[in-house]
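Participant: Have a look at the structure that comes next, please.
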Amino acid sequence: MRKLVVVTLLVGIAVLGVGVFGTGRKFEGVTITVFTQPPPFIAKPVQMFAPDWERMTGGKVKLITAPWAELYPKMYSSFALGAHLYDIVIFPAAWLPDFAGAGFLAPLDDFIAADPRIAWEDILPVYRERIVTWGGKVFAVPVDGDCHIFYYRKDALENPEYQAKFEEKYGYPLPVPPRTWKEVRDIAEFFNGWDWDGDGRPEYGVVEARRKDDQAYWTFFSRAAGYVSIPGQPGGLFFDPETMEPLINSPGHVKALEDYIEIMKFGVPGMINMDSGEIRTVFAAGEAAMAIDWGDIGVLSEVGEESMVKGKVGYAILPGSTTVWDYKKGEWAKFDEPNQAPYLAFGGWVAAIDVKSPYLEAAYDFISFLASPENSYRSVTTPETGFNPYRVSHFERLSGWIGFGFGPKAAETYLKAIQDTIAHPNVQPDLRIPGGARYFEALDAELALAAAGAKSAQEALDAVAKAWERITEELGRENQLKAYRLSLGLPVE
Amino acid sequence: MAQWQGRLFLTPTILILLLLTIFPFLFTLAMAFGKVSFEGGALKITLIGIKNWGRLVYDARFWNALVVTLKIVSLSVFCEYLLGLLLAMLLNRRIKGRTFFRVTFLLPMMLAPIAVGYMWRMMLNDTRGPFNDFLRRLGFGTVGWLSDPNVAMYSIVLTDIWQWTPFMILILLAGLQGIPRDYIEAAKVDGASGWKVFIYVIFPLLAPASIAAIFLRSVEAFKIIDIIYIMTGGGPGLVTESLTLYGYSVGLRAFDLAYGATISFSLFFVVLFSSVLFFFLTRKARRISLE
């Protein structure tokens, strides 16, 4: 009987203890709302890690999604109209100035400083110091590393017979990988329209996204950066950082657009109507010798079940040019070695918190869990997450990539191309100022006209410069200039 | 029940209707004459007169989109009407398997335009599409169905015709079935040929159905966006960019809400003007059919 009383007492104390002190789980009863695009891409990691976080903390994660085109309006109106529908928003880094500049996002510096799990120093400097900061404060955590890299077919470019024929025709050895856009043009012409891989069908020189209302302008800037970005001279790619005058119609940009148009002659038929998704499948189907894309072509080529090019793909940083437009001097500068300026197109996805969220701490905790070295490594080495590497540790451990389906050599060269791009001293971040989407939309229409032959490169870019001036005037030149300088890390008054 | 009591019961419905139709209409109109900003947690519209409309007048891309829209509407609705009439006449006859054909012909209309866009985009693909594969096998060159600026708009029109001819068939078939057989028999007894029966009896009596079908289809066609968005994104160049797609790009991609609203309203005026013109031009046909 005494034993029964003791046991009953102990059980009672235990039950009371749980009742009084809780389960020890930090966010019991808290539901955080995460808003991003529909799964699988980008939302999939949230679905992967939410159950573990919920088990550990007692909190709940509610995922809300909207199609790509509705993300920006829905996020902006949720912030601006005071609805505060989402605690965490996962969005493209280029929108950060719009949101952080307007005071919609919570600064995360204190959270990060007190959080060993996030391993902040493990994140590559360009992401942690430039992509997620605004006005000297951190407003987001990177969850994806995006940059354009260059792809080529090793079985074509490294074939000795083709190399000899190329040299005979062009008077110089076939460079592997090409380091200038001029070399890319010649190689594309050489490999265009004949069966160089012996599959009984003709292949083509190149495949690049050109489709209107899609991602063509990122391909354009990838081609333009080497022509206009002089090392140590910030701002050549978009605006003059002293006056906010558009540089988009500079001779360097015009030359890049002329290349962009000319290379279509050596491209896969119908390239003018291809978006990024389509160029990936076309390259993985073995139809082109070269391509420009984010890390996705690499994944699809090496891991995709229907890939015809597994183990045949070479990876490199974007080519450049030996003549570069110096906008300050107003003349072409000559370089002995090609000036390569890899471009952080899009800049990757970042996770941020609504400053008015009642659950700042829980929201940050989930982001920290999602972006921790271990979980982010799983994200970048899992199919269909849409996340690419952005931490030092992502590049150091090959096991996950090999488990992902990459061959050891392919994994090594693929990661090296991305790492070389991100760590390049002349790497160019994307446009990060308020109204960025308006500038790009104006450019997109003119690029489409130039690609279709309706306008010359000069006419198209002159029209873009005019439209950019109007947008800058409408948004306020002083504010835009200040934002642009901030985005480049230049001092502002 | 007194009349005022009846009206009282109707008031909530009327108010809800007003709220759902008039308010968004006026809100968009205000944006079209204003500048939109977000201040202090609220969307603020500052009226700026006709500045947005002035920009529209000098916007070459707007005029291009207007011409593209008018071309797509006129070409597709014209072809849909002709094809629809032909097929409706065939289906109105006592032919074998009539029910099967009636159901089959209506299927495209039941598909989502997005799905139709993807389907035709794949079929018209330059290198891997069955259309070009067929042409290659016959020894012809391939066609840049969606990538050639001279062809892309016709591919969009072709897709629209494929999807929406069934709508014409449906309405015209109903119209044909409503024509009394006596009129046709009487004309035949009087010695009228099949062609004359069609021209002098069937076609005039079909006018109300024809006018309704053309009007409804045209109003819908003016708003075309989904098929174009999927198939070409408005390209190559701007040869397939419709007004709705342009408004969408400006308003929701560039987030220039005020100018996007201006473009949307311009489409409203274009549709309104076209409708009035259409009813003016068809007033005689309507009168004859009533007589």
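The values are calculated or read from the model by the stated rules, or taken from the named source; none is laboratory data. What you see is a predicted model, and the numbers here were worked out from it, not measured in a lab. In this analysis, Cβ positions are derived from the backbone assuming ideal geometry, glycine residues included, and neighbour counts consider all displayed protein chains. The protein model used for the area step is the full one, side chains on, heavy atoms only, and it has no ligands, DNA or RNA in it. Shrake-Rupley method; radii C 1.70, N 1.55, O 1.52, S 1.80 Å.
Participant: How big is segment A:21-121 on each of its three principal axes, counting only the C-alpha atoms and giving the largest first in Å?
Facilitator: 42, 29, 28
Participant: Using a probe of 1.4 angstrom, how much of the accessible area of segment A:349-434 is carbon and sulfur, in percent?
Facilitator: 55
Participant: Using helices alone, I'd like the mean residue ellipticity at 222 nm for chain B: each DSSP H run of four-plus residues gives -39500 (n - 2.57), total over residue count, nearest 500.
Facilitator: That comes out to -22000 deg cm²/dmol.
Participant: Still on this structure: Which of the residues in segment A:72-93 show a loss of at least 20 Å² in accessible area from their chain by itself to the complete set of protein chains, at a probe of 1.4 Å?
Facilitator: Output list: A:72, A:73, A:76, A:80, A:81.
Participant: Expressed as a rounded percentage, what relative contact order does segment B:60-290 have, with Cα pairs under 8 Å and six or more residues apart?
Facilitator: This gives 28 percent for segment B:60-290.
Participant: So which residues in segment B:100-132 end up with at least 30 square angstrom less accessible surface once the other protein chains are there, compared with the chain by itself, probe 1.4 angstrom?
Facilitator: B:121, B:126, B:127, B:128
Participant: Right, another one. Which of the GluC sites (Glu not before Pro) across segment A:258-350 are loop residues per DSSP, with 10 or fewer other Cβ within 10 Å?
Facilitator: For GluC sites (Glu not before Pro) across segment A:258-350 that sit outside H, G, I, E and B with at most 10 neighbouring Cβ atoms in 10 Å, the list reads A:305, A:306.
Participant: Can you list which of the chymotrypsin sites (Phe, Trp or Tyr not before Pro) found in segment B:1-85 are DSSP loop residues with at most 12 other C-beta atoms within 10 Å?
Facilitator: For chymotrypsin sites (Phe, Trp or Tyr not before Pro) across segment B:1-85 that sit outside H, G, I, E and B with at most 12 neighbouring Cβ atoms in 10 Å, the list reads B:58.
Participant: Still on this model: Would you list A:48, B:31 from the most to the least accessible area, probe 1.4 Å?
Facilitator: Ranked from most to least accessible, the order is A:48, B:31.
Participant: Quick one: what do you get for segment A:217-372 if you divide its Cα Rg by 2.2 N^0.38 Å?
Facilitator: The reported ratio for this selection is 1.31.
Participant: A further question follows. For the pairs A:310/A:416; A:416/A:482; A:482/B:44; A:74/B:35, note any where the Cα-Cα span goes beyond 28 Å.
Facilitator: Over 28 Å Cα-Cα: A:416/A:482.
Participant: Here is a further query. What's the longest piece of chain B with no exposed trypsin sites (Lys or Arg not before Pro), counting a site as exposed if DSSP puts it in a loop and it has at most 13 other beta carbons within 10 Å?
Facilitator: B:97-291
Participant: With a 1.4 Å probe and every protein chain left in place, tell me how much accessible area residue A:111 has, in Å² to the nearest 10.
Facilitator: Number for this one is 60 Å².
Participant: Would you mind estimating how fast segment B:103-238 diffuses translationally, via Stokes-Einstein at 25 °C and 0.890 mPa s with the Kirkwood radius over Cα pairs, in µm²/s?
Facilitator: For the chosen part, D equals 140 µm²/s.
Participant: If I ignore ligands, DNA and RNA and count only protein heavy atoms, how much of residue B:250 is accessible to a 1.4 Å probe, in Å² to the nearest 10?
Facilitator: Residue B:250 exposes around 10 Å² with every protein chain in place.
Participant: What are the radius of gyration and Dmax of segment A:73-157, computed over its Cα atoms and given in Å?
Facilitator: For segment A:73-157, the Cα-based Rg and Dmax read 16.4, 57 Å.
Participant: May I pose another question? Using the membrane-span-like helix rule (whole DSSP H runs, Cα extent along the own axis of at least 30 Å, mean Kyte-Doolittle hydropathy at least 1.0), which helices of chain B qualify?
Facilitator: Passing helices, by number: B:3-32, B:60-91, B:152-177, B:257-281.
Participant: Starting from the Cα of residue A:474, step 7 Å along the direction of its Cβ; do the same at residue B:7; then give the gap between the two resulting points in nm.
Facilitator: 4.5
Participant: So, counting K/R as plus one and D/E as minus one, what does the shell of residues with Cβ under 12 Å around residue A:30 add up to? Could the numbers behind the result be given before it?
Facilitator: Details: positive: A:25, A:26, A:60, A:62; negative: A:28, A:54, A:87, A:361, A:365.
Neighbour charge sum, excluding residue A:30 itself: -1.
Participant: Further question on the same structure: Send over a whole-number figure in Å² for the accessible area per residue of chain A, probe 1.4 Å.
Facilitator: For chain A, the solvent-accessible area averages 38 Å² per residue.
Participant: On to the next question. What is the average number of partner chain Cβ atoms found within 10 Å of a Cβ in A:270-279?
Facilitator: The shielding value for this peptide is 5.
Participant: Per the 1.4 Å probe, what fraction of the accessible area of segment A:12-148, in percent, lies on carbon and sulfur atoms?
Facilitator: Of all accessible area on segment A:12-148, carbon and sulfur atoms account for 61 percent.
Participant: Still on this structure, please answer the following. How large are Rg and Dmax for segment B:60-290 when calculated on the C-alpha trace, in angstrom?
Facilitator: When restricted to the Cα atoms of segment B:60-290, Rg and Dmax are 20.4, 67 Å.
Participant: Using Cα positions and a limit of under 17 Å, work out the lysines in reach of residue A:265, with same-chain residues fewer than 8 apart set aside.
Facilitator: Within the straight-line cut-off, residue A:265 pairs with A:182, A:255, A:455.
Participant: Mind jotting down the distance between the C-alpha centroids of segment A:408-423 and segment B:158-236, whole Å?
Facilitator: 61
Participant: Note down, for segment A:324-421, the three equivalent ellipsoid semi-axes (square root of 5 times each alpha carbon gyration tensor eigenvalue), biggest first, whole angstrom.
Facilitator: Those come to 34, 25, 9 Å.
Participant: Which is farthest toward the positive dipole end of chain B among B:269, B:243, B:170, measuring Cα position about the Cα centre, with Cβ charges +1 (Lys, Arg) and -1 (Asp, Glu)?
Facilitator: Selected residue: B:170.
Participant: Rg and Dmax of the protein assembly as shown over Cα atoms: what are they, in angstrom?
Facilitator: In Å, with Rg to one decimal and Dmax whole: 30.7, 117.
Participant: Taking only protein heavy atoms into account and a 1.4 Å probe, give the accessible area per residue of segment B:1-103 in Å².
Facilitator: Value returned for segment B:1-103: 70 Å² of accessible area per residue.
Participant: Right, another one. For segment A:376-430, compute the orientation-averaged projected area of the C-alpha convex hull (one quarter of its surface), in nm².
Facilitator: Approximately 4.0 nm², given one-decimal rounding.
Participant: Now a separate question. State, as an integer percentage, the relative contact order of chain A based on alpha-carbon contacts under 8 Å between residues 6 or more apart.
Facilitator: Worked out over chain A, it gives 23 percent.
Participant: Using only the alpha-carbon atoms, how far is helix A:360-371 inclined from the longest principal axis of chain A? Give it as 0 to 90 degrees, nearest 10.
Facilitator: 50
Participant: Between segment A:55-96 and segment B:44-75, what is the C-alpha centre distance in whole Å?
Facilitator: First find each Cα centre; the distance between them is then 32 Å.
Participant: Using only the Cα atoms of segment B:7-80, each taken as one equal point scatterer with no solvent, compute I(q) by the Debye sum, divide by I(0), and report log10 of the ratio at q = 0.12, 0.20, 0.21, 0.22 Å⁻¹.
Facilitator: -0.64, -0.93, -0.95, -0.97
Participant: Hey, got the dipole for the protein assembly as shown? About the Cα centre, +1 on K and R Cβ, -1 on D and E Cβ, debye to the nearest 20?
Facilitator: Computed about the Cα centre, the dipole is about 3060 debye.
Participant: Using a probe of 1.4 angstrom, how much of the accessible area of segment B:60-290 is carbon and sulfur, in percent? Please list the in-between numbers first.
Facilitator: Details: 8100 of 11430 Å².
For segment B:60-290, the apolar C and S fraction of the accessible surface comes to 71 percent.
Participant: Interface size between chain A and chain B, please: total buried accessible area, 1.4 Å probe, rounded to the nearest 100 Å².
Facilitator: Heavy-atom accessible area buried at this interface is about 2800 Å².
Participant: Something else now. Using a loss threshold of 20 Å², tell me which positions in segment B:241-278 are less accessible in the complex than in their chain alone. Probe radius 1.4 Å, ligands and nucleic acids ignored.
Facilitator: B:248, B:249, B:252, B:253, B:254, B:255, B:256
Participant: Assign unit charges at the C-beta atoms only (+1 for Lys and Arg, -1 for Asp and Glu), then state the dipole size of segment B:1-97 relative to its Cα centre in Debye, rounded to the nearest 20.
Facilitator: Numbers: 10 positive and 3 negative charges, 62 e Å.
Dipole of segment B:1-97, to the nearest 20 debye: 300 debye.
Participant: Roughly what % of Cα-Cα distances in segment A:311-358 sit above 17 Å, to the whole percent?
Facilitator: 64
Participant: Right, something else. Pairing the Cα long axis of helix A:216-228 with the longest principal axis of chain A, what angle in degrees results, from 0 to 90 and rounded to the nearest 10?
Facilitator: Its long axis makes an angle of about 60 degrees.
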